[in-house]
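The values are calculated or read from the model by the stated rules, or taken from the named source; none is laboratory data. Since the model is a prediction, treat every value here as computed from it, not as a measurement. Methodologically, a virtual Cβ is constructed for each residue, glycine included, from the backbone with ideal geometry; neighbour enumeration extends over all protein chains shown.
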Amino acid sequence: MKKAILGVVLVLVLVPLAFAAGDGAGGVGVFGSWWDSQDYGALYGGGVRFGGEIFSGLALEARVSYLTSETQDDVVEGRNVSTDLELVPLEAAVTWTLDVSDAIKPYVGAGAGYYLKNVDWKADDVIDEADDKDSVGYFALAGANIVLGRVVLFGEAKYNVVQNDDEWRWQGSDVEQKNSLDGFAANVGIKFAF
């Protein structure tokens with residue numbers, strides 16, 4: 001619950017920046033998201049993005065998403081383990097847009113994020129549950145905007161590198177296992193420019 005409240009507060013603080021950034025060139029968008037993580041499997045969800053142009057072609061953007069995984073069933077050290085993940089990425093990105101044409105504008109960018117996690121972990125003979133820790137990470141992205149007046153359709157590919165260091169305990173002993181969220185993601189959505 002605390003994580004959800006933090007996400008809402010962050011949105012309320014950052015949305016006005018979309019209107020104030022770069023001489024009126026701001027915007028708000030929504031998107032659907034798919035993330036193929038290395039150890040948690042495929043994550044699905046969506047989010048909001050908002051930001052503005054700092055100067056010609058260079059923009060600053062904030063993103064808040066919610067993603068959830070399908071149940072992952074594995075065998076770890078001879079025990080059946082089931083893992084579900086809820087992930088709330090809070091990200092900031094800097095993008096550079098290439099002015100190729102009036103209608104199609106490709107862009108590249110990079111950013112960093114703080115990743116709020118809620119892991120539901122079950123295993124045979126478990127004494128304690130998993131201690132899931134929020135993480136920090138980085139990403140690179142490339143995409144394209146299709147400009148239709150003030151409405152912009154966009155699609156992008158993203159590669160994420162996320163620090164992840166969870167502690168999993170069973171049989172009275174601590175077993176530290178690192179599950180990686182690293183992997184490719186894709187976002188598709190619509191943005192309203194100001």
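Points to keep in mind about this one:
- Evaluation of PHE31 against (1) modelled with pLDDT of 90 or more; (2) farther than 20 Å from PHE139 by Cβ (one fails), failing number: (2)
- Filter pass, GLY45 being at pLDDT 95 or above and surrounded by 15 or more Cβ atoms within 10 Å (Cβ to Cβ): yes
- Among the residues of the stretch 65-102, those identified as within 30 Å of VAL152 (Cβ to Cβ), hydrophobic (A, V, I, L, M, F, W, C) and either in contact with a Phe, Trp or Tyr (Cβ under 9 Å, 6 or more places away or on another chain) or modelled with pLDDT under 80 (or both) are LEU67, LEU87, VAL88, LEU90, ALA93, TRP96, LEU98.
- Positions within the stretch 103-143 being within 13 Å of LEU87 (Cα to Cα), at pLDDT below 80 and in a strand (DSSP E or B), in sequence order: VAL119, ASP120
- Restricted to the stretch 35-71, and to residues there that are aromatic (Phe, Trp, Tyr) and in contact with a strand residue (DSSP E or B) (Cβ under 7 Å, 6 or more places away or on another chain), the residue that is farthest from GLY143 (Cα to Cα) is TYR40.
- Any pair with Cβ under 9 angstrom, 6 or more apart, that starts in the stretch 98-111 at a residue that is surrounded by 15 or more Cβ atoms within 10 Å (Cβ to Cβ) and ends at one that is among the hydrophobic types (A, V, I, L, M, F, W, C) and assigned to a loop (DSSP other than H, G, I, E, B): LYS105/LEU98; PRO106/LEU98; PRO106/VAL100; TYR107/LEU98
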